[in-house]
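Only one structure is covered here, and it is reproduced in the block below.
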Amino acid sequence: MTNLTYDNFATQLRQDVPGFADVYDEHVADNDEVLPHVLLADLVRFLSKEVDLHGAKSVALTRAMSLLEAGIGSPDPLLQELVAVSFVENLDPEEESFSTIRTLFGPALEEQYLEFENFDPYAASE
């Protein structure tokens, strides 16, 4: 796997996640460029559909989750923020696909999700 950075993460998803190239290409056609935070919201929707169609054994899902785990654990703080803000925070625990996606979290994604889940915005302002 390529050394992941904020600048190459989107193209790595396009290259490594089967079926995601169409989503990526449509995103670029709609926006005239890659908007990484918006693209990761698109990825959440794509993975939810993958779970609905193929379950936890989806190759696209397992590859994406591997890249996301590598991204959140990257030394690149912009990539860490991208995955934390635009992937983890776009997950909806009410969605049927959520539990399947969460079972594929690596330790860094799980830690980030728990941090997000337990965040108290009122405690931060005190």
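Readers should treat all values here as calculations from the given coordinates under stated rules, not as data from a laboratory. Just so it is clear, the structure is predicted and the values come from calculations on it, not from any experiment. As a convention, Cβ positions derive from the backbone with ideal geometry for all residues, glycine included, and neighbour counts pool all protein chains shown.
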query: Want the number for residue 115 to residue 63: 0.36 nm per residue separation, take away the alpha-carbon distance, what's left?
result: 16.4 nm
statement: Mean Cβ-within-10 Å packing, highest first, puts peptides 52-63, 23-34 in the order 52-63, 23-34
query: Taking square-rooted eigenvalues a ≥ b ≥ c of the alpha carbon gyration tensor, is the range 22-126 rounded, prolate or oblate, where a/c under 1.5 means rounded and, failing that, a/b exceeding b/c means prolate?
result: oblate
- prompt: Between residue 28 and residue 76, what length in nm is gained on full extension when 0.36 nm per residue of separation is reduced by their alpha carbon distance?
  reply: 14.9 nm
- request: For the range 77-113, run through the chymotrypsin sites (Phe, Trp or Tyr not before Pro) and keep only the ones in DSSP coil with at most 16 other Cβ atoms within 10 Å of their Cβ.
  value: none
